[in-house]
Amino acid sequence: MGPRRFWTGAVCAAALLAGCDGASGGGSARQALEERRAALQEAIAGNPQAIAERIELARVAFRLGDGVAAEAAVKAAIAAGGKEDALRPLLARAYAMQGENARALETLDSGPIIPEMIGEAAWVAGNVHLANGDLAAARDAYDRAVQDLPRVSMLWVDVARFRDASADALGARDAVDYAIELDEANSAALALKANLVRTQAGLTASLQWYDAALAADPDNAGALIDRAATLGDLGRYRDMLASLRHAATLVPGDPRLYYLQATLAARAGNYRLARSLLQRTRGEMDDVPGFMLLSAIVELELGGEAVAATWADRLLAEQPGNLTARRILAVSDWADGDADAAAEALAPIVARADADSWSLALAARVAAERGRTAESADYLARAASLTRGDAVPFAADNDYGLLSMAADAAPLDPSVAIPAIAADIASGNSAGAIARATRLRDANRGVAEAHILLGDAAFAGGRYDLAVQSYRAARDLDGGERTTLRLANALYRAGDAAGSGAAIMALRDSQPSSIAADRLAGALAMDIEHWDQAIAHFERVRQRIGNRDAVVLRELAKAYAAKGDRDRALALIDRAYRLEPLNAEIMTLYAGLLDGRDRQAAEDLREKAEQIGR
């Protein structure tokens, strides 16, 4: 092969890697790619020695997401005389696209690569390391790739994905913004921007970016699926289904389609359909936390307690702090007759100062079944109070000293610094916790968790000004519940009730599916006697969690009663009373609503409430 032909192939290879993994263009982008593929195949059929055409064919296959066809095209180019030193990164990318990550790395290491393709080889290696979860190796590879290819839009999309996986929210935003600056029609970049905006600013704000991604490429299946999930969380189910149907024409076997449809079916109460749809994923999403949780809920609703417990156990192995999974595991074990296992599942919840009344009531029943009468009575009393209890004290022992020593030796290593901060907080050493957290924050200013740690340490030490500052910085990176609720609490403790309320309402506006935001917004509305608003917030909560929260039922009863709807208020307070028959406030409200209807029942309830209050 002559020099001109060789460099034509090398240039095509560079162009290929600059444009792979995501098509841009107008509404007919996919159709245009298919037409170009057909034309290239025809040209190759008439010229068995065509190298440049085969490389371009691989480029088209990459953009169509067809790793098998890309592999065939690259191998054919090599067989026709193309230099392996130049084409090896392309072959590795084809393997990686098919999920053969080990084979991709072996291909990159199997021989020399021409200098002009080193950047592309590093890019492929970065993608493989990221897929394997080796973030350190991925960072090194991407650093090398951007040195050689600083203005390739799709490379910066992958860098943004890497930074997002590393919890560097600020770095991810910077990288994806640069990718869009380099190519405003890069659909993959716009779709990733939508995902990042969803985390930072909420569901509604992300929709314009999903729309932009789909305007650039209406056949971007990933954007369609993510947009569908967002629309579902917003309660826009018709629009959600429209996106899913379009995505199904592009990737008909994608398990995410079945998972999202199952989520929709479960929300509608059709658990049998939800189970059928989950089974159609054929195990491809079994390791996804959301899939595990939905599977546990569906099986529990269908009476499959043992299966539900299995899913909850698997999720807790991945997320030990997932309280919803613990509740599901506990009720599954209890319904299956294993009171000891139910108690074990509930233990981390009921040990918390802010344990919910439902978990406490279940713990009381479980303890009674196990013959632990005093323990059962204690749980019932805590549940009936509907207030926070005392925090579980920190048990100081030699572990505290070991944690401190390890963190002092490696103050920027989260794996040892975070446990030490938690131990400092629990033992009352807030100054030490703040100092450790400040060092971590300073080294990781783009990571929301670093600001949260400092905020938690400051809050525990009564430094509400610093806590507010830290939580605000965290919320700028992640506008979800974990940051906003902390900020609202810190603002309230700092004496800024208006700011606290504004933070809660901002969360409610950005995350309409947030149960916590609706609960708190409902409480704020109750305080200022905006009954219709309170009812709207608490009814949304009740629709999501059912009639298992006595506080929500009590507040709804109050609001309906204030509006003069006594029949509805009575039905709600009766349900609350059945959940918490020892709560004096519920009894008093119930008695007031019964006045004029059942005087004797009202008097009995007042007498019982007085006895409990003594």
Within the range 181-190, identify whether any single residue is without any contact (Cβ under 8 Å) to a residue 24 or more places away in the chain and hydroxyl-bearing (Ser, Thr, Tyr), and answer yes or no.
no
Within the range 115-136, is even one residue touching a residue at least 24 places away in the same chain (Cβ under 8 Å) and not in a helix (DSSP H, G or I)?
no
Kindly evaluate residue 94 against the criterion of being farther than 22 Å from residue 146 by Cβ and not in a loop (DSSP other than H, G, I, E, B).
yes
Answer from 520, 454 - the residue that is among the aliphatic types (A, V, I, L, M), buried (at least 21 other Cβ atoms within 10 Å of the Cβ) and modelled with pLDDT under 90
520
Going through the range 140-158 one residue at a time, which ones are in contact (Cβ under 8 Å) with a residue 24 or more places away in the chain and closer than 22 Å to residue 95 by Cβ?
144, 145, 148, 149, 152, 154, 155, 157, 158
If we ask which residues in the range 244-261 are under 15 Å from residue 220 (Cβ atoms) and among the polar types (S, T, N, Q), their number turns out to be 1
Output the residue which, of all residues in the range 191-220 that are at pLDDT 95 or above and hydroxyl-bearing (Ser, Thr, Tyr), is farthest from residue 509 (Cα to Cα).
210
Failed condition for residue 512, given (1) surrounded by fewer than 21 Cβ atoms within 10 Å (Cβ to Cβ); (2) farther than 19 Å from residue 555 by Cα; (3) at pLDDT 90 or above
(3)
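Within the bounds of the range 51-69, is there any residue that is exposed (fewer than 15 other Cβ atoms within 10 Å of the Cβ), in a loop (DSSP other than H, G, I, E, B) and in contact (Cβ under 8 Å) with a residue 40 or more places away in the chain?
No; the residues of the range 51-69 include none that is exposed (fewer than 15 other Cβ atoms within 10 Å of the Cβ), in a loop (DSSP other than H, G, I, E, B) and in contact (Cβ under 8 Å) with a residue 40 or more places away in the chain.
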Any hit, the range 195-206, residues being farther than 19 Å from residue 514 by Cβ, surrounded by 22 or more Cβ atoms within 10 Å (Cβ to Cβ) and outside the structural domain of residue 268 (by TED's automatic domain parsing):
no
By residue number, the members of the range 342-356 that are in contact (Cβ under 8 Å) with a residue 12 or more places away in the chain and either over 32 Å from the mean Cα position of the chain (by Cα) or surrounded by fewer than 21 Cβ atoms within 10 Å (Cβ to Cβ) (or both) are 348, 349, 351, 352, 353, 354, 355, 356
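So is residue 549 in contact with a Phe, Trp or Tyr (Cβ under 7 Å, 6 or more places away or on another chain), buried (at least 17 other Cβ atoms within 10 Å of the Cβ) and in contact (Cβ under 8 Å) with a residue 40 or more places away in the chain or not?
yes
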Just to confirm my filter: which helices (runs of 4 or more DSSP H) fall fully inside the range 207-321 and include at least 1 residues that are within 18 Å of the chain's Cα centre (by Cα)?
221-233, 255-267, 289-301, 305-318
Quick check: is even one residue across the range 400-409 on the phi < 0 side of the Ramachandran plot and either at pLDDT 80 or above or not in a helix (DSSP H, G or I) (or both)?
no
Please work out which one of (1) modelled with pLDDT of 75 or more; (2) within 17 Å of residue 581 (Cα to Cα) is the condition residue 384 fails and give its number.
(1)
Sort out for me the helices (runs of 4 or more DSSP H) sitting completely within the range 524-614 that have 2 or more residues that are among the acidic types (Asp, Glu) and within 23 Å of residue 513 (Cβ to Cβ).
531-545
Does the range 474-484 include one or more residues that are over 23 Å from residue 163 (Cβ atoms) and either of a type in the set (Ser, Thr, Tyr) or modelled with pLDDT of 90 or more (or both)?
no
Is one or more of the residues making up the range 528-546 within 23 Å of the chain's Cα centre (by Cα) and aliphatic (A, V, I, L, M)?
yes
Hey, any hits in the range 71-92 for a residue that's crowded, with 17+ Cβ neighbours inside 10 Å, touching a Ser or Thr at 6+ places or on another chain (Cβ under 9 Å), small (Gly, Ala, Ser) and in contact (Cβ under 8 Å) with a residue 12 or more places away in the chain?
yes
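The values are calculated or read from the model by the stated rules, or taken from the named source; none is laboratory data. Quick caveat, the model's predicted, so the values are computed rather than measured. A quick note on method: Cβ atoms are made from the backbone with ideal geometry, for glycine too, and the neighbour counts reach across all protein chains shown.
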